[in-house]
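The values are calculated or read from the model by the stated rules, or taken from the named source; none is laboratory data. Not measured: the values here are computed from a predicted model. All Cβ positions, glycine included, derive from the backbone under ideal geometry; neighbour counts span all protein chains shown.
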Amino acid sequence: VIIAGSILFIILLLYTILYPLFNKTPKASIHMHAEITGLKNLVIPTYRKIAVALDFSENDTAILAAAVVPAAVLVRRKDRTLMTATPSVVINSDAGNGVGYTGLRIRGSDATRINMTINGIPYNDAESQGLFFVNLPDFASSVNSIQVQRGVGTSSNGAGAFGATMNFSTNEVNTNAYAEINNSGGSFNTWKHTVKAGTGLIADHFTLDARLSKVSSDGFVDRASSDLKSYYLSGAYLTEKSSLRFNVFSGKEKTYQAWNGIPESMLDTDRTYNSSGTEKPGDPYENETDNYQQDHFQLLFNHQFNPRLSFNTALFLSKGKGYYENYRAGEAFSDYGLPDQGTVTETDLVRQLWLDNKYYGQVLSVQYKSSKSELTIGGGWNRYDGHHFGQVPWAATGFPINYRWYDLNAYKTDVNGYAKYQYSFNSALSAFGDIQYRRVLYNLGGFRNNPDLRSRNIYDFVNPKFGLSYNQNNYQVYVSYAMGNKEPNRDDFEAGFTQLPKAERLHDFELGFEKKDANFSWSAVLYYMQYKNQLIQTGKINDVGVQTRTNVPDSYRAGIELQAKAVVTNWLNLSGNLTLSRNRIRNFSEFIDDYDLGEQKVITHGETDISFSPAVTGFGAVNVTPFRNLELNLFSKYVSRQYLDNTSDKSRSIDDYFVQDIRVAYTFKKLLAKEISLSAQVYNLFDRKYESNGYTFSYYYGGALTTENYYFPMAGVNFMVGLNVKL
């Protein structure tokens, strides 16, 4: 598969370069008026269409609860609130102000269940399956549009999606030269600086786009600082029927660790407390940091053979390297494989947990369209090579310089193929079918705390999907079924060393209604997601802030997602969404450590709520344009109670919250520059004290049950102001 795909890529690459030299047909006119505002029934002009993305679902009959964040919205919300408007989304932040380590959940599923692609290329970390947005600082400044599919969604390249799929597109063609400078600053010494520029279309064939960004913040939480840098560079060669594009982008981050949270007892007295670094005597250790750089290389080729037949492929490479650094007091020599120093058995030290990895592969697809049908056949392969090692750069005594106490490798290979077929019976009724096959080979060469725990696993998954859609008079009704299967991640294998974690299976049923008019649109999606062996978060975290998970045999998520948008007048429009859901484990057993007896107690709870799965989420926006060039926006977000574990115990939960942000922007046209925009945004307008995330653990000691809750507080009222200049 790898050799054949590479040969095919080279042949078509030569074809697109040589074809224009021997075929001098007149050039078609270029029209660039359409914006990417949706991905169903989308008409993209020739140059733009061949350069957008490999995996966006242009004409899927049933898009499966999809939402698109278009370019116009990205301009307004290119900040910490970008995804909050999407139905069923909950955002969290370690630092408390949305800078640095942030996370999201969709329909209660965390980032390990959300499949993300950039221009059709998989982005999720292959081992943890997570999404580390901190490694892509200010990436939204290079994004043209984002598509979010909730639920399993259609087949795509990358790990199976249990919560959603997010597709980011950066490949829109800019035909005119441009330059833009964006600067903003605000609370907690937060700064963002961005410079971007593009050549436009040169000699009818070439374009070059570039961006450079720097983001820094002290964070709301003590010492939760962030120092983030990134760049993006994209060059394209375009012909009448082909495009060849090379993207290079990189992110480098240094963040002070804030993933311990704060004890529940301190929420009312010291909400900014940070225990990281406090093992050092005296002042906290100043370099208790996370340091990582990730570099991405993408080579994308698209070709349209004729109006019916087209081909897309891409090669990619991601390289990452970095470490966590910690000051540890009273560490035993034996834990590091060293002998005691006479009567001295422990020492203070500084340690670094390193990861050096490469992730590379290829994706490709062929599309054939007729008057009533469309067939897509595609697939891909990728390989992950991970090197985990630990180093001690300093110790008070007894350690060699830069001593390495573990050195482990992990390898993962993913090969997948799929076929999607869509058929229109008439102008209103259509159907689609979709089947995907995945094979995953995962070799784990041990873990830091269990170096002898090695594992080799092979998973074979078949994921069918099908649906019907009816469109008439601006109404759409669709029904769909999709199956998803997903392998455990690295942490699941370590946490489940006494019992091998099982792969998960999801049956996703969706029924959707949508009505679109010029002044009022609404939609409703009902979903039922039945899981077998779902890996749910236990509420505990490990020593690098990762939630531990365990299989439960039988669980489900069911709900309704409502959306509406109204244009009230030419200066006022309203929009919002509301999700009502029920997320349950049918028979949950809790395991609690008993330190008195040296065993675990088992408590059977019956049917319980799934952790971190709020029953209600909602978002509302009021957008006012009182006069030309002035825009006012009020955003509101509600999230109901979230349980920290799976016991439905209110004493182990995050309280519900309702917060508002307000934004004001004024744009000067052709005043010293093409466009100058001034903006100001106030977050948490009414200074609500709330928490976005947390964890819990319980144990028996001294004959009593003790439960300890930790939370991640969010900042009170805070602000950002910005100046954007387009030249």
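Values computed for the structure shown
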item: All strands (runs of 3 or more DSSP E) inside region 102-214 with 3 or more residues being under 21 Å from Ser613 (Cα atoms); result: 102-106, 114-118, 145-150, 164-169
item: Every residue from region 200-217 that is free of Cβ contacts under 8 Å to residues at least 24 places away in the same chain and under 23 Å from Thr239 (Cβ atoms); result: Ile202, Ala203
item: Selected residue (criterion: surrounded by the most Cβ atoms within 10 Å (Cβ to Cβ)) from residues of region 328-358 that are of a type in the set (Asp, Glu) and farther than 30 Å from Pro122 by Cα; result: Glu331
item: Qualifying residue in region 266-281 (condition: crowded, with 20+ Cβ neighbours inside 10 Å, aromatic (Phe, Trp, Tyr) and either touching a helix residue (DSSP H, G or I) at 6+ places or on another chain (Cβ under 9 Å) or closer than 30 Å to Leu244 by Cβ (or both)); result: no
item: Answer residue from region 610-654, given it is β-branched (Val, Ile, Thr) and either modelled with pLDDT under 95 or buried (at least 18 other Cβ atoms within 10 Å of the Cβ) (or both) and is farthest from Ser265 (Cα to Cα) among those; result: Thr617
item: Search result, residues across region 136-148 that are closer than 24 Å to Gly185 by Cα and surrounded by 23 or more Cβ atoms within 10 Å (Cβ to Cβ); result: Leu136, Pro137, Asp138, Ser142
item: Selection status of Ser424, at pLDDT below 95 and either in contact with a Leu (Cβ under 7 Å, 6 or more places away or on another chain) or within 20 Å of Lys369 (Cβ to Cβ) (or both); result: no
item: Options Lys515, Lys601, Lys532; residue that is modelled with pLDDT under 95 and in a strand (DSSP E or B); result: Lys601
item: Members of region 387-439 that are within 30 Å of Trp354 (Cβ to Cβ) and among the aromatic types (Phe, Trp, Tyr); result: Phe389, Trp394, Phe399, Tyr403, Trp405, Tyr406, Tyr411
item: Residues within region 359-391 that are crowded, with 18+ Cβ neighbours inside 10 Å, of a type outside the set (Ser, Thr, Tyr) and under 28 Å from the mean Cα position of the chain (by Cα), tallied; result: 13
item: Which listed residue, of Phe399, Phe493, Phe432, is surrounded by 18 or more Cβ atoms within 10 Å (Cβ to Cβ), part of a loop (DSSP other than H, G, I, E, B) and not β-branched (Val, Ile, Thr); result: Phe399
item: Pairs with Cβ under 7 Å, 6+ apart, first in region 707-727 and touching a residue at least 60 places away in the same chain (Cβ under 8 Å), second assigned to a loop (DSSP other than H, G, I, E, B) and among the hydroxyl-bearing types (Ser, Thr, Tyr); result: Met714/Tyr690
item: Which listed residue, of Glu708, Glu691, is surrounded by 17 or more Cβ atoms within 10 Å (Cβ to Cβ), in contact with a Pro (Cβ under 8 Å, 6 or more places away or on another chain) and at pLDDT 95 or above; result: Glu691
item: Looking only at region 75-90, and only at residues there that are of a type outside the set (Lys, Arg) and outside any loop (DSSP other than H, G, I, E, B), the one that is modelled with the lowest pLDDT; result: Val75
item: Selection from region 216-229 of residues that are part of a strand (DSSP E or B) and crowded, with 22+ Cβ neighbours inside 10 Å; result: Ser217, Ser226, Leu228
item: From the options Leu317, Leu353, Leu338, residue that is out of contact with any Cys (no Cβ under 8 Å at 6 or more places or on another chain), assigned to a strand (DSSP E or B), among the aliphatic types (A, V, I, L, M) and in contact (Cβ under 8 Å) with a residue 60 or more places away in the chain; result: Leu353
item: Sole exception among (1) surrounded by 20 or more Cβ atoms within 10 Å (Cβ to Cβ); (2) over 30 Å from Asp517 (Cα atoms); (3) not β-branched (Val, Ile, Thr) for Ser581, by number; result: (2)
item: Enumeration of residues in region 275-301 that are among the aromatic types (Phe, Trp, Tyr) and assigned to a strand (DSSP E or B); result: Tyr292, Phe297, Phe301
item: Residues that are exposed (fewer than 14 other Cβ atoms within 10 Å of the Cβ) and either on the phi > 0 side of the Ramachandran plot or of a type in the set (Ser, Thr, Tyr) (or both), drawn from region 590-609; result: Tyr595, Gly598, Thr604, Gly606
item: Close pairs (6 angstrom Cβ cut-off, 6 or more residues apart or separate chains): touching a residue at least 24 places away in the same chain (Cβ under 8 Å) in region 644-662, of a type in the set (Lys, Arg) anywhere; result: Leu644/Arg652; Asp645/Arg652; Asp656/Arg641; Val659/Lys637; Val659/Arg688
item: Among (1) among the aromatic types (Phe, Trp, Tyr); (2) out of contact with any Phe, Trp or Tyr (no Cβ under 7 Å at 6 or more places or on another chain); (3) buried (at least 16 other Cβ atoms within 10 Å of the Cβ), the one test that Tyr657 misses; result: (2)
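This table checks each residue for (1) under 26 Å from Leu705 (Cα atoms); (2) assigned to a strand (DSSP E or B); (3) polar (S, T, N, Q); (4) in contact with a helix residue (DSSP H, G or I) (Cβ under 7 Å, 6 or more places away or on another chain).
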| position | (1), (2), (3), (4) |
| --- | --- |
| Ile585 | yes, yes, no, no |
| Ile592 | yes, yes, no, no |
| Gly620 | no, yes, no, no |
| Phe686 | no, no, no, no |
